[in-house]
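Working notes, structure below.
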Amino acid sequence: MLIRWSHVSSGTKRRSVRSTIASKDAEIAALKANMSELYARYNALGRENRQLSIRNSELSAAYNGLKEILRNRGVETP
């Protein structure tokens, strides 16, 4: 009687373990998909940041050039 009970019990555990593994696998797949989306967004933001940095450098150079021109003309600059 005890042998039959352990057999039934272990079958239930196997199904439970399999379902737990399947749910964890699904959870891992969803996390990987989310991570891929986040990496793509991170890369896009990195590109945008580089473009803004270049634009900021260009504006800074133009501003400094304008200040130099005004100084040469004798105009006070901030």
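The values are calculated or read from the model by the stated rules, or taken from the named source; none is laboratory data. Everything numeric in this text was worked out from a predicted model, so none of it was measured. Cβ coordinates were reconstructed from backbone atoms using ideal geometry, including for glycine residues, and neighbour counts include every protein chain displayed. Heads up: the accessible areas ignore ligands, DNA and RNA and are worked out on the full protein's heavy atoms, side chains in. Shrake-Rupley method; radii C 1.70, N 1.55, O 1.52, S 1.80 Å.
Might you let me know whether the range 50-59 holds any residue that is open to solvent by 100 Å² or more (accessible area, probe 1.4 Å), modelled with pLDDT of 95 or more and of a type in the set (Ser, Thr, Tyr)?
Scanning the range 50-59 turns up no residue that is open to solvent by 100 Å² or more (accessible area, probe 1.4 Å), modelled with pLDDT of 95 or more and of a type in the set (Ser, Thr, Tyr).
Given the options Ser19, Ser36, Ser9, name the one that is at pLDDT below 90, of a type in the set (Ser, Thr, Tyr) and either on the phi < 0 side of the Ramachandran plot or surrounded by 10 or more Cβ atoms within 10 Å (Cβ to Cβ) (or both).
Of Ser19, Ser36, Ser9, the one residue that is at pLDDT below 90, of a type in the set (Ser, Thr, Tyr) and either on the phi < 0 side of the Ramachandran plot or surrounded by 10 or more Cβ atoms within 10 Å (Cβ to Cβ) (or both) is Ser9.
Could you check the range 66-78 and list, in sequence order, the residues that are in a helix (DSSP H, G or I) and loosely packed, with under 10 Cβ neighbours inside 10 Å?
Asn72, Arg73
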